[in-house]
Amino acid sequence: MRYHRIALLPGDGIGQDVIAEGVQTLNLLASLAGDFRLETQSFDWSCEYYLQHGRMMPPEALNTLREFDAIYFGAVGFPTVPDHVSLHGMLLPIRQEFDLYVNLRPIRLLPGLEGPLRGRTTADVNFVCVRENTEGEYARSGGRIQVGTPQEVATQTAIFTRQGTERIIRYAFELARREGRHKVTSATKSNALQYSMVFWDEVYSAVAAEYPDITADKWHVDALAARFVTHPQTLDVVVSSNLFGDILTDLGGALQGSLGLPPSGNIHPVAETRRGPSLFEPVHGSAPDIAGKGIANPIGGIWSGQIMLEYLGEREAATQLMRAIEAVTAAREVLTPDLGGRATTVEVGKAIRTALRKLY
Ligand code: NAI
Ligand code: MG
């Protein structure tokens with residue numbers, strides 16, 4: 001029996017609803033598979049917690065989390081607390097402290113669902129975005145002088161280290177190999193950014209040369225954004241810097257048809273240099289407008305649990321869970337209102353669990 005220790009951080013609003021469905025589904029899957037178990041512990045760190053304690057999580061929180069194999073995260077942020085407080089008080093410290101340098105975002109139009117692109121199906125929209133998550137344009141290097149005067153100057157310096165660039169590109173190629181994907185596409189802008197992106201291109205070519213079995217492709221990020229819309233079927237794995245990836249992944253997410261669907265992982269994939277658990281969360285936030293109504297789509301949350309299982313090495317179970325999610329969307333019978341259905345969060349969770357039981 002393999003045991004995985006999972007810290008549950010449902011957070012605020014619909015984060016609670018979707019993580020509840022996710023945990024039930026993962027536990028059922030573990031018992032069906034029979035060869036692994038999740039040992040979960042839940043923490044109530046959230047905006048609610050902040051209002052009571054004056055901070056999003058206790059001072060020893062990061063050390064507490066370090067003991068776990070993975071973090072299963074809902075969403076943080078609620079109108080009662082400013083967004084920069086909730087974000088900087090919880091999610092960002094976790095990402096930084098544990099050096100979660102890969103932001104992984106699968107982009108797949110699930111069977112049975114319609115995205116905004118006319119006539120496209122899963123066969124066309126099925127790729128993975130790998131975004132650098134710790135440096136680049138978001139390295140927080142820069143400053144402002146002569147603030148408020150006509151002479152004011154603001155700088156924001158992008159930081160590209162060889163180590164940081166190489167490891168994210170390498171991850172993309174390793175992922176392609178592992179998942180049987182055949183092509184990696186790099187988002188560059190080396191025509192205009194003659195230092196950072198020329199460097200990025202050089203590192204990309206060097207790493208690509210180590211993977212002769214994978215086609216290495218590159219596009220300037222503006223043209224690549226257009227191709228997300230016009231030629232999604234040509235994309236397999238996309239690797240990008242922090243800022244480029246931020247923009248591209250939201251565009252990719254939009255291709256999936258609802259913000260309730262896309263999942264994500266914040267990952268430190270290398271065991272030798274790992275400083276703590278990786279974190280898995282739906283792309284969406286706490287959705288205050290529908291919080292408490294029981295109609296949040298749980299698929300993004302459950303799918304994030306599926307990526308967590310892959311990270312934990314439970315690949316067979318992860319494959320089955322994806323099949324179950326796809327069986328539910330393909331049938332189109334039990335869908336939440338964001339997908340045009342009338343089902344509740346719990347009903348969609350149950351439908352996925354029913355589909356899982358049929359697979360075992
Ligand atoms: P949001 O993602 O919470 O909601 C945007 C829109 O999408 C809303 O209309 C919402 O009802 C809908 N939506 C989102 N998830 C859904 C789901 N699972 N099913 C059905 N509909 C869904 O983004 P918003 O409104 O900008 O942010 C709300 C709060 O969440 C803010 O405090 C924000 O800071 C926080 N947030 C947290 C994130 C995180 O924890 N990583 C990410 C994004 C936002
Ligand atoms: Mg989220």
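Computed from the coordinates by the stated procedures, all read-outs in this text should not be read as laboratory data. Quick caveat: nothing in here was measured; it's all calculated off a predicted structure. Ideal geometry is used to build each Cβ from the backbone, glycine not excepted, and the neighbour counts take in all protein chains shown.
What percent does the relative contact order of the range 214-360 come to when contacts are Cα pairs within less than 8 Å and at least six residues apart?
Details: 157 pairs, mean separation 26.8, N = 147.
For the range 214-360, the relative contact order is 18 percent.
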State to the nearest 20 debye the size of the charge dipole of the range 137-283 about its Cα centre, where the only charges are +1 on K and R beta carbons and -1 on D and E beta carbons. 200
Which one, P288, L261, L356, is farthest towards the positive end of the dipole of the range 257-360 when Lys and Arg carry +1 and Asp and Glu -1 on their Cβ? L356
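Using 0.36 nm per residue of separation minus the Cα-Cα distance, give me the extension gain between R315 and L32 in nm, one decimal. Walk me through the numbers on the way to the answer.
Details: separation 283, 0.36 × 283 = 101.88 nm, distance 1.42 nm.
Result: 100.5 nm gained on full extension.
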Sticking with the crude label model, points 7 Å out along Cα→Cβ, report the distance from A223 to K183 in nm, one decimal please. 1.3
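Order by neighbour count: V346, V221, fewest other Cβ atoms within 10 Å first, most last.
Ranking V346, V221 by Cβ neighbours within 10 Å, fewest first, gives V346, V221.
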Qualifying GluC sites (Glu not before Pro) in the range 135-204, DSSP loop, other Cβ atoms within 10 Å at most 15: E152, E179
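Rounding to the nearest 20 debye, state how big the charge dipole of the range 212-318 is about its Cα centre with +1 on each Lys and Arg Cβ and -1 on each Asp and Glu Cβ.
Numbers: 6 positive and 12 negative charges, 36 e Å.
Using only the charged Cβ atoms, the result is roughly 180 debye.
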On each of the three principal axes the extent of the alpha-carbon atoms of the chain, given in whole Å and largest first, is 57, 50, 41
Rel. contact order, % - alpha carbon contacts under 8 angstrom, at least six apart, the range 208-288: 20
Per DSSP, the loop-located GluC sites (Glu not before Pro) within the range 1-88 having at most 15 other beta carbons within 10 Å are E60, E67
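Which whole-number percent is the relative contact order of the chain (Cα, under 8 Å, 6+ apart)? Could the numbers behind the result be given before it?
Numbers: 736 pairs, mean separation 83.8, N = 360.
So the answer I get is 23 percent.
Taking loop as defined by DSSP and a crowding limit of 14 other beta carbons within 10 Å, which trypsin sites (Lys or Arg not before Pro) in the range 108-182 fit? Walk me through the numbers on the way to the answer.
Numbers: sites: R108, R118, R120, R131, R140, R144, R162, R167, R170, R177, R178, R181; in loops: R118, R120, R181.
Answer by residue number: R118.
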Selection from T161, L248, G180 lying farthest towards where the dipole of the chain points positive, charges on Cβ: G180
Explain nothing, just the number: dipole magnitude of the chain about its Cα centre with +1 on each Lys and Arg Cβ and -1 on each Asp and Glu Cβ, in debye rounded to the nearest 20. 560
Pick from D250, D236, D289: which residue has the top mean-square fluctuation in a GNM of the chain where Cα pairs under 10 Å get a spring? D289
Can you give the calculated 222 nm mean residue ellipticity of the chain, where each DSSP H run of n ≥ 4 adds -39,500 (n - 2.57) and the sum is split over every residue, rounded to the nearest 500 deg cm²/dmol? -12000 deg cm²/dmol
Using Cβ counts within 10 Å as a stand-in for footprinting exposure, how do M90, M57, M1, M322 rank, fewest first? M1, M322, M57, M90
Pick from I107, I159, I145 the residue whose mean-square fluctuation is largest in a GNM of the chain, springs joining Cα atoms under 10 Å. I145
Charge dipole of the range 1-154 built from unit charges on the beta carbon (Lys, Arg +1; Asp, Glu -1), centred at mean Cα; most positive-end Cα among A20, G115, H4 is G115
Find the centroid of the Cα atoms in the range 209-266 and in the range 106-162, then give the distance between the two in whole Å. 10
Measure out, as a whole number of angstrom, how far apart the alpha-carbon centroids of the range 36-86 and the range 307-360 sit. 26
